[in-house]
Every structure is written in C-alpha cells, then in structure tokens.
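So the structure is just underneath, and the comments pick up after that.
We did not get these values from a lab; they are worked out from the coordinates using the rules stated. The model shown is predicted, which means the values in this text are computed figures rather than measured ones. All Cβ positions, even for glycine, are placed from backbone atoms using ideal geometry, and neighbour counts span all protein chains on display.
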Amino acid sequence: MAERLLDVEHLQVTFATEDGMVRAVDDVSFTLDRGEVVAIVGESGSGKSVTVMTLMGLTRSPNSRFGGTARLGGDRDLIAASEEQLEGIRGQEIAMIFQDPISSLSPVHRIGDQIVEQIRAHEKISKAAALDRTVDLMERVGIPRARDRARAYPHEFSGGMRQRAMIAMALSLSPSVLIADEPTTALDVTIQAQILQEVAQLSKESNSGVIFVTHDLGVVADIADRVLVMYAGRVVEQGTLDEIFYDPQHPYTWGLLGSVTRMDREPPRRLPAIPGQPPSLVNTPQGCHFRPRCPHAFDRCTEVPPLEARVQDAPDHLDRCWLSVEEKRARRLVDGRIGLATGSVTA
Amino acid sequence: MARFVVRRGISMIALLFATSVVVFAFFELIPSYNPARAIAGRNANATTVAEVSRKFGFDKPIYTQYANTMKLIFTGQVIDYQDDLNVVDQFKQRFPVTLSLVIPAGIFWLVAAILLGSLSAIRAGRIADRAVMVAAILGVSIPVFLLAALLLYLFAYKLPWFPNTGYVTFAQSPTQWAYHLILPWFSIAVLSIGFYSRVLRSNLLDMVNQDFVRTAKAKGLSQRRVFTRHVLRNSLMPIITMFGLDFATLLGGAALVTETVFNLPGVGQYEASAIGNLDVPPILVGAMFTAFFVVIFGALADVLYALLDPRIRLTG
Amino acid sequence: MALDPLRSRRREPDALAEPADAARGTDTEVIREETVKDPWTEGRHTAAIGPWRLALRRLRRNRVALAFLGLFVLLVVICLLAPFYAKHIAHIGPNTNNITGTVNVGGQQKDIVAPDGVPIGPTFTSRYFFGADENGRDLAVRLLYGGRTSLLIGAVATAIIIIFGTLVGLLTGYFRGVVDAILRPFMELIWSFPPVILGVVVGTALALGGLGPIKGNSILIPAFIIGVIYIPYLGKPIRGEVLRLREQDFVDAARVQGMGPWRIMLSEILPNTASTIVVFVPMMLAYAILLEAYLSFLGAGVQPPNSSWGTLISDGITYIQTTPSFALIPGAMLVLTVLSINVVGDGIRDALDPRSQVRIKV
C-alpha cells in the first residue's frame, strides 16, 4: 500500500461576513497517497479552493473558524499547527500552484529571485547555489534560455511561461504534496494541455501526491486517479475516476458530466447546462443543497443525505443522494447519455 | 535617461516661466496695487511717488517691467521694496535655516509614518490600530500654528524644557541646533505623519489581499519577510510621490507658518513678511524657487519609482 | 457586460468586498445578499439592494461616525445661535468696542482692558465669559460669530469646489483635446503650489483691492479663493475616473444608442462618479475650514472687524504665555469641528469604499 501523505477528516471552514456566517466548507474528508492525483471538482463558490487553501493555512484570519483535522504524514495536524510550524511546511512539504499566474507573482521582483527566495527560506545554501538550482528547475519545466530568463520580471513573461515559472517554484523543494488550484483556467486552450501534462509528469517523477482543483471535468479525465465533487461547501460524491465517469450517483455530477462537450461524440444541438445558480452560502437550502436545482428532488430531500457508500461492491464510492441506485441509473440517462434532465425544476 | 532629463528640463523652464508670468501679471491686475507708493512711504507726495515710479521703471509697459525684473533676478541683483535687501542674498542666507528645519522633519515624518502605518495595518481592527488612527485623524485636523502654539505653551512656558524661539546654526553647536529645532520639527511633522500613515495603512490593507502576497505566504516565507519584502515594498510607491511634492514645497517656503510661529529666519519667514507687504520681488523669487524644487523632486520621485517598479519606464 | 454598474440590478459581488473579509480572494463570493426566508427562494440570491442604501446601512452601523456627526451638528447649532447669545446673554455685539468699560467679576468691578492695554481673561460670567480682546470686545460673542464665519466660508468654498471641480473633471476627461489643453495647465499650476502660499498671496492682494463689486473685507473673498485653490484637488481625480469610464462598454452602448456627449456625461458618467464626489464633500469642507484658519492666521483671510476662528487664534497667540485660553479655545472649536467632519467623512468613505486614491495637502 502506498504511503499516506494527507488525511483530511471532517474539515469545516466558516467565515464571519457582514451578512452572517458562511459555511464555506462543510464536513469534507479525503485522503491523498504518494503518487496519486486527487481532483476536487465544483463550480465557483463550491468551497474547493477554500478547502485546499485551508490545508496551507492561507484562509486563517480573525473572521474564519475551522473544524476537523488535516494530518500531514500521519502526525502533524495542519489545522491546529502554529503559524511558525506552517511556515516550515509551506513551500517545503506542501506547495501550491495558483490559478492566475499574472497576479500571483510579485511584479517588482525578478522571477529567478522569487524562486531563490523560496529555496533559501527553507535551506541554508548560498544565493549562487540556489540560483543554479532555480535555472535547472526552469529548464525542467520548459522555459528556454533559463539562465537569462531568470533575470526577467513577471511582466516580461507570457501567461504560459509565468505558469511554468510558478510550477518551477512549487517544485523547487520537491514537496510531497502539490496543490494545483485551477492552474490552467487563466491560460489559452493551446497551452492548457501542455501545462497539465507537465504537472502530471513532474509529479510522477518526484513521486508526490497531487490535489488538483478544477471546475472542468474534462481536465480531470486526463490526469486524476480519484475525484471529489463538491457543491455548496459539501462533497456530494467521491470515488475513482471510472466510478465518477461511468457510474455517477449524484444528479449534480450528472449535470457536470452532461455539460462536458466531447470531441469523440456528435456535438449536442444545445450546450447542456445545469439550470439555476449555486446557492447563497448564507442562506443555504434546507437538506440537500442541490435540491432547489434538482429535477429529481422529492420530499425526503429536505433531510441532509449522509455521504455514504450506496453502490454494491464499491465501498469507496460515496455520494449524498436519497434516490435508490436503480432509480439513479435510470434517471441519469438523457437521450442515451448521462446528463441532468431539464424541465420540472422546482422554482 | 537622457530623454527624461531633457524633457524634465523643458518642463522646468515652462513651469518657471508660467509661474513668473502668472505671479507678475496677477499683481499688475490688482487696481489698488501701487508699489511706488509703498516704496516712497506713507507720507510721500505725488512727485516723490512719480520719481520712485520712474526710478524703478513702474511707468514702463508691463512686458518691459517683466523682462527687467527677470534680468535682475537671474543676475542676482533684484532687491525687495520693503527693506532694500538683495532678494537672492536673502534666500541664500536663509536657505540653510529652512534646510535645518525641513530635512530632519521630513526624515522624521517619513519614518514615523511608515512605522505607524505598518503597525496600524498589521494590527488592523485592534486597539493599536484604533489608537494610531485616532492620533492620525487628530493630526490632520489640527493646523500647524495651533499645534505650535500648544507645544510652546506646554513645553516652553508651562514646563520650561525647550526654548520658545530662536535659531542656533549647526556649526555653532549641533546640540543647541537640535535643541532649538525639536518643537518646530515635531509641529511640522505631525500633519504629514497623520496623513501618510492613513494613506499607507489603506495601501497596505489593499496589498495584503493581492494574489502575489498569498504566493509569498505559500512559499513558506516568515510573516516578517512577507510583510517587508512583498507587502510594504509594493505599498510605498504612492508615498514616494507624495513625499517628493511635500518636501519640495516645504523647501520652497511652505514652512512659512512654522518659521513665523517659532521665529526661525528661514525663506518661509521672509516670504511671509513679503506677502504681508505685497512686496513682489521676494514673492516672485519664492514662487519660482518652489516651482524649481517641485520639478526636481517630481523627477527624483519618478526615478525612484522606476527603480522600485520595473514595470514603470522613465518618460517625460 | 454593457451594463451601467450603478443601474444594473445585480452588482459584481467583488465590488463590495472589504479587505478585512476572510473570504476575499477565495471562491466564496456569494455573500452580502439580503436574507429572505421563503420556501421558494431559499438558497437563491435575492435581488441585491442598491449601493447607496447599502452604504447608508453601513454608515448607520458606524457608531463613532454617528457620534461625531452629532458633535458636528451641535457645533453648527451653537454657532448659529451667536446672535441670540450676543443679544440675550452677553448683551454686546461682536464688533462693539468697550475699552473703558468694567465688568463685575465675583462682586468686584474690573477693567475690561487694563490701562497697559492687556485685556481681561475669562470671567466665566454672562459678560466676557472667555474674556475680551484689546478693543474690549467680548471674546465669547466673537467666538460664536467667528465660528459662523468659518463654517460659512467652508460651506461656500466647498460648494465652489464641488460644482467646478466636477465640471472641470468631466469636461477635461470627456472631451480631452482642446478643453484639456486649455484647462489642464491652470490646474497643474494651482496644484504645484502649496495651498497656504497660494492662498496667502492671492488673499493679501484681494483684501487690499477687493474683487470686482466685492469689497476687500468681505468674507466671500476668502471663500472664493479657497474654492478656486481646491478645484484641481477634486478635478484631477474626477478627470481620471472619467477617462476610465468613457472607455467602458456601457458608455459605448449609450453612444451606439445615439446619445449626445452632454447626455452621456450627465446621465451615464456623472452618476458613476457620484461616490467619489460624495466622499470629497466632507473632506473638502474640512480642508476649506482649515485653510481659512491658515489664511486668517497669516492676515490674508477674514479681515477686521469680522472674526473667524483663525483670526481669534492669531490674536490670542500673543498672550499664549499668560492667558493661553485666548488661542486655545477658538483652537479647540476649530479642531473639534474639523475632526468631527473628518471622522464622518471617513465613515462615509468606508461605507462607500470607492477605493480612490485621495491626495490633499494644506
């Protein structure tokens, strides 16, 4: 069995806002093993970014409250850790690639210096040695003429090159956990694939575990081993890639799958979308959060369905939906494909 | 860089010219303004006034008067009307006093504002932040002359810790120099400390939420390093531009209130008395003096800005 | 999005996010909507309330700002009661000299102005409550009348700044080109000089000669000077905002609809600069009152026989060693007034949060 890197149990994140308490993350549990890629999928506002940023302690503020545990390497709890302990962990053991490479790099420091700064924050080595390593890293992520380019400022880099620099920075200390928060969202479609491949390949090389956050199920299919689907702060379904793609149990997952356009199939006449919008987290619906948008909702849905295994012989395939597995399998087919039936949506 | 210097040089000439023309023309437009009568004195008769007017060239057309005055200024021969003193010499003599007042005060307010603004932002919403912000808003609400009067009352009369007025040159005695200037430094600095620390605090709080600051934290840098190298570094830019302009105008005589209250013989005090007497030559020289520093320090601020932020290029 | 942000029903949530909010920069952006419990709408975003009402709601929660607003109103009312105080309590006008008179203090008759010319200090009785000046005038009466003058000058100057600053900003920002080329050099020239120096030079000159039909000692002259000096301080930020706004899609949309430049300026651009203007009103009022004090202190503002807080401090400073209250009482009135305006202004700015860089000096 592979080494367990991260064990998140019952993670809760609550923010105090002007209009009341916002439960951004509600009882999220998952694990990450060495060499594994776990994808967290959801719309904006689903709590996926908050989940991963909380693991790095980046959501700490006087207005936030946390619950649950997140154990790194089996012992250290990232939620309870002091700021000083976290400083030693961040960048060294857990590294993060952010969504927007344009704003995520300091505009007034040279790219190379920003990577050197991270290396020297954790290792006592000379500037020159750190710079050599930086240049190596930059070459490894595919930045040409790295020795010269290390002296450039972020505004002199293209978006794709900046994201490569971010990846080089994240990998600079060979972290055991790599978190990629929508790393390709801000990039051109042509570059997205390259960046994805690089993240996947480099993490396999260094044998680290990757948490991949995205709103795009299509991206997940290429690289993920396991998938968590989040909706309005809760995990609504989790399982292996095959389980999620070929036997999805939650209507929200059907909707997500239904809205993925696929090259190998005939394009649909209308691009399917999930009707309605994600709920306000201040005023969350009673029971299942997806209920107001769900065409299959029935009276039991006003109770919160527990996240549990419902499919036979699939103990790790969990979901939060009251429908029976047979009903689900019947109802998720729209025109012969998986999707969310339109019409008959309440409200 | 050469282009930058040339363009700033041109803009300096333009501003000096515009300033001198506007100031000169302004006084000509006032119907009751008659420098000849002022020079001749209160009891002079019409012939004396006419004589003075001819002697000083006040009967010539305005552009000739302007040209003559400019010539006198740039050859260093212009004299004021009230005391027949050489204006350029007065500025030369008095400038060291103004420098003694303004440079330490400037350093003091900049350092204090950065420290207090940072403290306030780091402890945002807590007691230290509230205290600093109350002091800052009080600082921008109190006029310099009132603060100076209050300081004099408290620390020169009630508690005789400091001398009430007077100036001792640095060469005579550095300690006496500082001793006589502490209250003036403080009263000049308070307004700017209040203003700058408020601006800096709001810049810092905006900057803290920037993505690159989150990246810096995610790199595992210490809180101190995140703050100094990333947050503060990027928040100081607007402060620099403000400082350049404020410092320039103070050198040019904007310290006139402080210099008057504390009786410091600087350029501001001279300008204040010249303004009271509508003595045009010192006013004119003072305005051009200020314009000169405004351009110089504006350019210096831009150079510093470009050094601190690689995205900015120096243009004219 | 070709929608006028102030008119659209739903605002970008980010536009109202506060820096202190933990949720900022994360993807929990669906906050700040009004909560309505209704079985059919639960979990959905209810219609966002307008930005002005939201700002008002925030301002009402800001107790410090409200307290200082109360203080400011109180100070204004006290100053407006000056004629009442003069007539019924002090029994003397603000400009009535009384060099040879005496006043009863604790059963003793005392000279209002001593033979050596030193005026009496505070008596804390109805007559000469705060003492007298060298002309034997009642300082308490002059303090209230002076406050009226200071506030009036501040108000007139602020009106000038707001009207003309907005106009200049709109015109130079929208038309650029020729209008900009004509108006901008004047703005830059005014902006390059410290307001105190500029104000004192112009004030001294105009006090001597008057301005057209206005006499040299009219309080309208300092009001006018202060107003003109601060026009660029509003004009510049408004111009910047207009330059930004005119490039936005909703302005293009208005242009495509065939709206003329004036209508676009008034109905599309002006409403979007409104929050900046609102923030500037208290700020300019505070700065105008302060600048009046500076000018009067240097003899270039309010002219005799009128008084203002500035002239009273200026007169009182001579006696700072013996009777500090002469300078410190009008000083306290001035500081309290400016402070309360500043605190209220901060409250308004925080409530609106337009994130504009504001730069003013005295």
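Which lysines have a Cα lying under 21 Å from the Cα of residue C:236, excluding residues fewer than 8 positions away in the same chain?
Result set, ordered by chain and number: C:361.
Please arrange C:58, A:4, C:244 by counting, for each residue, the other beta carbons lying within 10 Å of its beta carbon, fewest first.
Result, fewest neighbours first: C:244, A:4, C:58.
For a label point 7 angstrom out from the Cα of residue A:329 toward its Cβ, which stretches of the range A:217-251 have the backbone nitrogen within less than 12 Å?
A:247-248
Out of residues 5 or more away from residue B:85 or on other chains, whose amide H comes under 5 Å of its own, with H placed 1.01 Å from N in the peptide plane?
Answer set, sorted by chain and number: B:80.
Let me have the relative contact order for the range B:1-156, percent, based on Cα pairs under 8 Å that are six or more residues apart.
Here the relative contact order equals 10 percent.
To make sure I understand the rule: partners must be lysines, Cα under 21 Å from the Cα of residue B:60, and not fewer than 8 residues away in the same chain. Which ones qualify?
Result set, ordered by chain and number: B:71.
Looking at the protein assembly as shown, what % of its DSSP beta bridges pair antiparallel, to the nearest 5?
In the protein assembly as shown, DSSP labels about 70 percent of beta bridges as antiparallel.
Determine the sum of side-chain charges near residue C:133: Lys and Arg each +1, Asp and Glu each -1, restricted to other residues whose C-beta is under 13 angstrom from that of residue C:133.
Charge balance near residue C:133 sits at -1.
Relative contact order of the range A:166-240, please, whole-number percent, based on alpha carbon pairs below 8 angstrom and at least 6 residues apart.
Worked out over the range A:166-240, it gives 28 percent.
When B:217, A:328, C:110 are ordered from fewest to most other Cβ atoms inside 10 Å of their Cβ, what list results?
Lowest count first: C:110, A:328, B:217.
Order by neighbour count: C:52, A:322, fewest other Cβ atoms within 10 Å first, most last.
By the 10 Å Cβ count, ascending: C:52, A:322.
Mind listing the long-range amide H neighbours of residue A:6? Cut-off is under 5 Å, sequence gap 5 or more, other chains count too, H placed in the peptide plane at 1.01 Å from N.
Amide H neighbours of residue A:6: A:32, A:73.
For an R0 of 56 angstrom, estimate the FRET efficiency from the Cβ-Cβ distance between residue B:14 and residue B:182 and round to the nearest 0.05.
The calculated FRET efficiency here is 0.90.
Net charge near residue B:83: determine it from the other residues with C-beta under 13 Å of the C-beta of residue B:83, scoring Lys and Arg +1 and Asp and Glu -1.
Within the 13 Å Cβ shell, the charges total -4.
Each residue of the range C:321-337 in turn: what ³J(HN,Hα) in whole Hz from Karplus with 6.51, -1.76, 1.60 and θ = phi - 60°, glycine and Pro shown as x?
Values, residue by residue: 6, 9, 10, x, 5, 4, 8, 6, 6, x, x, 5, 4, 4, 5, 4, 4 Hz.
As a check on your grasp of the helix formula, calculate [θ] at 222 nm for chain B: sum -39500 (n - 2.57) over DSSP H runs of n ≥ 4, divide by the residue count, round to the nearest 500.
-23000 deg cm²/dmol
Normalising by the residue count of the range B:139-192, find the relative contact order in percent from Cα pairs under 8 Å and 6+ residues apart.
47
Give the distance, in whole Å, between the Cα centre of the range C:253-282 and the Cα centre of the range A:277-347.
48
Once the other residues with Cβ under 13 Å from the Cβ of residue B:123 are scored (Lys, Arg +1; Asp, Glu -1), what is the net sum?
+2
Residues with amide H under 5 Å of residue A:37's amide H, sequence separation 5 or more or different chain, H placed in the peptide plane at 1.01 Å from N; which?
A:210, A:225, A:226
Which aspartates and glutamates does residue C:215 reach when only Cα atoms under 18 Å apart count, and residues fewer than 8 places away in its own chain are ignored?
C:292
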